[in-house]
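The values are calculated or read from the model by the stated rules, or taken from the named source; none is laboratory data. Values in this document were obtained by computation on a predicted structure and should not be read as measured data. Neighbour counts run over all protein chains shown; Cβ positions are idealised from the backbone, glycine included. Quick note on the areas: whole protein, heavy atoms, side chains included, nothing else; ligands and nucleic acids left out. Shrake-Rupley method; radii C 1.70, N 1.55, O 1.52, S 1.80 Å.
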Amino acid sequence: MSDQRDPVPYDALLLLSFGGPEGPDDVVPFLENVTRGRGIPTERLKEVGQHYFLFGGVSPINDQNRALLDALRKDFVEHGLDLPVHWGNRNWAPYLTDTLREMVQDGHRRIAVLATSAYASYSGCRQYRENLADALATLEAEGLELPRVDKLRHYFNHPGFVRPMIEGVLKSLVDLPEEVRAGAHLAFTTHSVPTSAADASGPVDRHGEGGAYVRQHLEVARLIADAVREQTGVEHPWQLVYQSRSGAPHIPWLEPDICDHLEELHGSGAPAVVMVPIGFVSDHMEVLYDLDTEATAKAAELGLPVRRSATVGADPRFAAAVRDLVLERAATERGLPAERCALGALGPSHDLCPVGCCPARAPKPAAAGADSPYA
């Protein structure tokens with residue numbers, strides 16, 4: 001990681017996340033924000049919200065972001081990085097536009113943005129860039145001086161993101177009964193998306209079956225599986241599977257689903273499974289419900305021993321990785337060479353999303369890219 005401590009030209013870091021309800025009364029309004037423009041009736045949203053009501057109407061994501069904010073600020077102070085850290089969400093308070101407005105009013109003019117999504121996809125990258133453009137348009141209409149916002153690169157293969165997950169798998173394997181440990185399968189899970197969105201993910205030259213979204217997840221799964229083999233001496237069978245599918249049944253989404261995969265593994269005689277949620281930065285609702293509740297219940301029904309390994313969350317190594325991403329981008333923006341940490345064969349991702357990268361469902365302005373109206 002870089003030894004430099006100079007964040008110039010950046011004068012702030014913005015943690016940009018999805019947001020989530022923090023009480024029962026928040027659930028439906030939150031889901032209305034998420035689904036705005038799709039015409040979904042309130043009664044249907046109440047049905048969808050049952051996952052949240054099982055946990056008191058509270059999504060864990062906001063508290064996890066608060067923990068990450070604390071970890072980032074602690075890491076920055078300990079390493080002499082003078083850079084304030086702010087937080088804004090797409091779908092719940094603190095809202096992105098409000099946070100950006102406060103940052104501008106506080107005098108910030110060059111902002112690095114970390115999205116809590118490590119991979120290339122429309123919903124994990126381009127949509128955040130659209131949200132940034134919407135917020136900047138609002139500030140412009142209010143007559144405020146617009147800041148320059150630069151989204152930090154995808155960090156799916158950064159060692160500070162991958163190594164905590166390797167450790168999580170090793171701990172989960174040890175937690176399995178000894179008689180099934182060596183034969184345990186690794187089920188690497190991520191959020192399913194429509195196959196059309198996956199195929200168009202990443203730069204145009206990486207479009208194709210599964211696109212960059214699938215390719216990047218497969219690379220992370222391979223990195224973790226290889227590291228587990230090197231540290232244990234055991235070759236654990238593994239597969240990339242999906243969870244949290246939504247949307248119309250007639251639209252193809254990435255498969256197999258984790259619960260279907262557990263049934264298949266049980267039928268083939270697998271003695272145990274470790275579910276590894278590589279697609280999620282922290283233990284938010286999709287992890288707590290779809291894996292810890294639904295998939296774990298399916299495994300119990302099958303009599304299949306299962307463990308779920310930890311997400312990265314506020315791990316100090318991830319906070320250090322964010323510092324590294326900020327400093328490398330800052331050096332690049334100043335025209336200096338910068339070490340760009342990345343594990344595996346895919347190498348470090350691009351700094352600036354090119355034209356045609358993870359295209360929108362319909363043309364819409366997006367910030368922090370080659371096609372941005374806010375250069």
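Once R0 is set to 41 Å, what does the formula 1/(1 + (r/R0)^6) return for the Cβ-Cβ distance between T42 and E179, expressed as a FRET efficiency to the nearest 0.05? Efficiency at R0 = 41 Å is approximately 0.20. Using θ = phi - 60° in the Karplus curve 6.51 cos²θ - 1.76 cosθ + 1.60, the 3J(HN,Hα) couplings for region 114-130 round to 10, 8, 7, 8, 8, 10, 7, 5, 4, 6, x, 9, 4, 5, 5, 5, 5 Hz; x is entered for Gly and Pro. Along its three principal directions, the equivalent ellipsoid of region 284-375 from the Cα gyration tensor extends over semi-axes of 37, 21, 12 Å, largest first. In vacuo Debye scattering of the chain, one point per C-alpha: log10 I(q)/I(0) at q = 0.14 Å⁻¹? Result of the Debye calculation: -1.29. Distance from the Cα centroid of region 253-304 to that of region 1-62 is 23 Å (rounded to whole angstrom).
Computed from point charges on the beta carbon alone (+1 for Lys and Arg, -1 for Asp and Glu), the dipole magnitude for region 274-356 about its Cα centre is near 240 Debye. The residues of the chain have, on average, 42 Å² of accessible surface per residue, using a 1.4 Å probe with all protein chains present. The aspartates and glutamates whose alpha-carbon is closer than 13 Å to the alpha-carbon of K74, local same-chain residues fewer than 8 away aside, are D82, D315. Based on Cα atoms of region 60-138, Rg over Rh with Rh as the Kirkwood radius reads 0.96. Sequentially through region 349-355, phi angles give Karplus couplings (6.51, -1.76, 1.60; θ = phi - 60°) of 6, 5, 7, 10, 5, x, 4 Hz, Gly and Pro residues having no value and appearing as x. The lysines whose alpha-carbon is closer than 26 Å to the alpha-carbon of K364, local same-chain residues fewer than 8 away aside, are K151. Loop sites by DSSP among the GluC sites (Glu not before Pro) of the chain, restricted to those with at most 15 other Cβ atoms within 10 angstrom, leave 1-141 as the longest stretch without any of them.
Amide H contacts of K151 (H built 1.01 Å from N, in plane; Pro and chain starts excluded): V113 sit under 5 Å, all sequence-distant by 5 or more or on other chains. Put simply, region 47-183 fits an ellipsoid with semi-axes of 34, 20, 15 Å; these come from the alpha carbon gyration tensor as the roots of five times its eigenvalues, largest first. Taking each DSSP H run with n ≥ 4 as -39500 (n - 2.57) and averaging over every residue of the chain yields -12000 deg cm²/dmol at 222 nm. Reported to the nearest whole Å, the Cα centre-to-centre distance from region 147-217 to region 97-117 is 28. What the phi angles of region 22-32 give under the Karplus curve with 6.51, -1.76 and 1.60, with θ = phi - 60°, is a coupling list of 10, x, x, 5, 8, 4, 5, x, 4, 5, 5 Hz, glycine and proline written as x.
Amide H contacts for R307 (H built 1.01 Å from N in the peptide plane; partners 5 or more residues away or on another chain; cut-off under 5 Å): V273, V274, M275.
Relative contact order of the chain: 24 percent, from C-alpha pairs under 8 Å at least 6 residues apart in sequence. When both bridge partners sit in the chain, DSSP labels roughly 5% of those beta bridges antiparallel. Rounded to a whole number of µm²/s, how large is the Stokes-Einstein D of region 258-306 at 10 °C and 1.306 mPa s, given Rh as the Kirkwood radius over C-alpha pairs? For the chosen part, D equals 144 µm²/s. Computed over protein heavy atoms with a 1.4 Å probe, the carbon and sulfur contribution to the accessible area of the chain reaches 52%.
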